[in-house]
Amino acid sequence: MEEVRIGVFVCDCGSNIAGFLDVPEVVTYARTLPNVVFAKENLYSCSETGITEIKNGVKENNLTRVVVASCTPRTHEPTFRSACVEADLNPFYFEMVNIREHCSWVHMQDREKATDKAKDLVRIGVAKAALLEAQESIVANVNTRVLVIGGGVAGLTAAVSFSRRGFEVVLIEKERKPGGRLNDLYMLYPYNIKASDVIEQKISDATSSPLIEIHTSSVIKSVKGYVGNYEVCVDVDDGKSLDISCGVIVVATGASVLEPWGLYNYDGQNIITQLELEKRLKRGDLSVGSIVMVQCVGARIEKRNYCSKICCMTAIKNATLIKEANSGTNIFILYEDIQCYGVEGEALLRKAKEVGVRFVNCDTAKPPAMGDRSIKVYHQALGREVELRYDLLVLSTPMIAREDATALSRLLRVPTDESGFFLEAHVKLRPIDFATDGIYLCGSAHWPADVRESISQAMGAVARASIHLTRGFVEVDPIVSTLADEDLCVGCGLCAALCPYGAIEIIETPKGKKANMISVACKGCGVCGSTCYHRAIKMNHFSNEQISAQIAAVAGS
């Protein structure tokens, strides 16, 4: 039997950890634990120097297991596993203990107790490390065809970019014509170019590519499979079903614009939204003497507490265009706060003021009151209420999640946030990935975004997805569920019903119905293992024996 030789590396994390607990004392304590033959303090374990110290520690002390006590595994565990590989140690002989988020940051007012808790956490990590088993990554082939859901500017950009890399693309659009929201817009800021010119070029690039297959008036019906091998059924425009096999999926379904019924006497005639104003500007049938624009209508309230991000710039752009076309038009913009992103946004705001657009800062505690073709508002600068007459009242309403976003999220098994927009895997580390491998998102399906941001996100999604497509295979961590004892499985189907990733199926075998694990789709969440009352399922890297050892380490304290 192999001798278990554990090395423990405790990180100072600068002052993030060392500033709130006694790291040298934790290191000294680690040396007293069973199977620990080496323990060391690192200034920054994730730095190049820290990684080198870990690799040298493995080689010089013949370590068979490594425990690093530092920060969150979510950000640095892959780095430390790679260090183990470079030191000729299986990466799954590595265990990470979080003594920053779980210890120093939450107990920074009590150094002694923080130190004691760090010792406990290290003891628990060492107990599990002694029972770790070598694992091999799971490899599966990747179908190099791509499915893009949504034919707006983000979806079209993604489709064209994939095709230029040599990949076949199937684009599914719910509406009768691709183009999305840009079909309704007039001009795009800050470049002052027609939206129709931009989207028509995108559509032309997509329709002229022999690698892109476009289906309009089509809806996703079902999605099965996993990264590299998805099977999607689509109801297409001729009433038939289309089965699509693909390796990756890009969600670019966009967002809707709130129609403010019940707010400010909205009627779609004399009181309209910015989107309806865009359509009038596009048709060239706007001729009014006085316009009042109201910002944040239906946004930044209890029901919809977010800023829609693009409304201010849209209002400023439209107001400026109208003033430039007819300097005699009086335009007021009523606002609580103005969001003008970047140097170009600030420049457009200055230009609007220069051409005569007037801005009125409102008091949110005293909301505007509607009159007969007039609106009363408390003017912050003047310190009194003023009445503004209008021929046209324009309401700046927020972008909202599409009504079908929830249904699509269920089909794809991906989450949405509290506002109904699709939720990324990690806001900083994986901003255009879903937690489900092989599915990516971009544009306003993710969050309200302007055209430039939608295009940038689409290109980012293509770059991320192309990693799998170019390699032709996908490598997945083996921290997954396995059917450890087929004889114990009775094929009840509870595990398959509860699996949030569709990674378990019930199949017929010579021994009857049994669970079959699709390892490449499994995320190792443990739902199946915890609900299998026959204990037929084992979780790699989180076995019952390993967890029991951790519990015993806690109880033994």
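No lab work stands behind these numbers, since they all come straight from the coordinates. The structure presented is a predicted model; accordingly, all values stated were derived computationally and were not measured. We place every Cβ from the backbone using ideal geometry, glycine too, and count neighbours over all the protein chains shown.
For the stretch 65-174, take the alpha-carbon Rg, divide it by the Kirkwood Rh, and send me Rg/Rh.
That ratio equals 1.25.
DSSP loop (so not H, G, I, E, B), at most 12 other Cβ within 10 Å: list which trypsin sites (Lys or Arg not before Pro) in the stretch 440-526 pass both filters.
K511
Name the shape class, rounded, prolate or oblate, that the alpha-carbon gyration tensor gives for the stretch 401-481, where a ≥ b ≥ c are the square roots of its eigenvalues, rounded holds for a/c under 1.5, and otherwise prolate holds if a/b is larger than b/c and oblate otherwise.
oblate
Over the stretch 358-494, how many percent of alpha carbon pairs lie in each 10 Å bin up to the one with the longest distance?
Bins of 10 Å from zero give 9, 23, 19, 20, 15, 6, 5, 2, 0 percent of pairs.
Take the Cα atoms of the stretch 380-421, build their convex hull, and give its volume per residue in Å³.
118
For the stretch 481-540, what relative contact order do you get, as a whole percent, if you take Cα pairs closer than 8 Å and at least 6 residues apart?
46
If every alpha-carbon in the stretch 513-554 counts as one equal scatterer, what log10 I(q)/I(0) does Debye give at q = 0.17, 0.34 1/Å?
Those come out to -0.53, -1.27, one per q.
Order the peptides 374-387, 474-487 from the highest to the lowest mean number of other Cβ atoms within 10 Å of their residues.
Packing order, densest peptide first, comes out as 474-487, 374-387.
At 10 °C and 1.306 mPa s, grab the translational diffusion coefficient of the stretch 1-70 from Stokes-Einstein with a Kirkwood Rh over Cα pairs, rounded to a whole number in µm² per second.
The calculation lands on 131 µm²/s.
Which residues' amide hydrogens lie under 5 Å from the amide hydrogen of L171, considering only partners 5 or more residues apart or on another chain, with H built in the peptide plane?
Excluding prolines and chain starts, which carry no amide H, the hits are V148, E213, I214, H215.
Taking 35 Å as R0, compute the FRET efficiency from the Cβ-Cβ separation of S530 and L43 and round it to 0.05.
Between S530 and L43 the formula returns 0.35.
Would you kindly calculate the translational diffusion coefficient of the stretch 119-221, applying Stokes-Einstein with the Kirkwood radius from alpha carbon pairs, for 4 °C and a viscosity of 1.567 mPa s, and quote it in µm² s⁻¹ without decimals?
77
Residues of the stretch 174-195 with the amide nitrogen closer than 14 Å to a label point 7 Å from the Cα of V219, along Cα-to-Cβ, please.
Those under the cut-off are 174-176.
At q = 0.10, 0.16, 0.19 Å⁻¹, what log₁₀ I(q)/I(0) does a Debye calculation on the Cα points of the stretch 257-399 give, no solvent, two decimals?
Computed log10 I(q)/I(0) values: -0.30, -0.82, -1.22.
How much net charge surrounds E168 when only the other residues with a Cβ under 13 Å from the Cβ of E168 are counted, with Lys and Arg +1 and Asp and Glu -1?
Combined, the nearby Lys, Arg, Asp and Glu give +2.
Express the C-alpha Rg of the stretch 1-148 as a ratio against the empirical globular expectation 2.2 N^0.38 Å, rounded to two decimals.
My calculation over the Cα atoms of the stretch 1-148 gives 1.12.
Express in nm, to one decimal, how much length is gained between M108 and H379 on full extension, taking 0.36 nm for each residue of separation and deducting their alpha carbon distance.
Length difference between fully extended and current span is 92.9 nm.
Test of the criteria: in the stretch 137-198, which chymotrypsin sites (Phe, Trp or Tyr not before Pro) are in a DSSP loop and have at most 16 other Cβ atoms within 10 angstrom of their Cβ?
Counting only loop positions with at most 16 other Cβ atoms within 10 Å, the chymotrypsin sites (Phe, Trp or Tyr not before Pro) in the stretch 137-198 are Y191.
Which of the trypsin sites (Lys or Arg not before Pro) found in the stretch 406-449 are in a DSSP loop and have at most 11 neighbouring Cβ atoms, other than their own, within 10 Å?
K428
Counting pairwise Cα distances across the stretch 112-174, what percent come out greater than 15 angstrom?
Cα-Cα pairs in the stretch 112-174 separated by more than 15 Å: 70 percent.
If the viscosity is 0.692 mPa s and the temperature 37 °C, what Stokes-Einstein diffusion coefficient in µm²/s follows for the chain when Rh is the Kirkwood radius over Cα pairs?
In µm²/s, the coefficient rounds to 120.
In percent, what relative contact order does the chain have, based on Cα pairs under 8 Å that are 6 or more apart in sequence?
Relative CO of the chain lands at 13 percent.
Which residues does the label zone of D485 cover in the stretch 529-546, counting backbone N under 14 Å from a point 7 Å along Cα→Cβ?
So the set is 532-539, 544-545.
If neighbour count is taken as other Cβ atoms inside 10 Å, put E112, E3 in order from fewest to most.
E3, E112
Over all Cα pairs of the stretch 401-557, how is the pair count split among 10 Å bins, expressed in % and running from 0 up to the last occupied bin?
P(r) for the stretch 401-557, in whole percents per bin: 10, 29, 28, 22, 10, 1.
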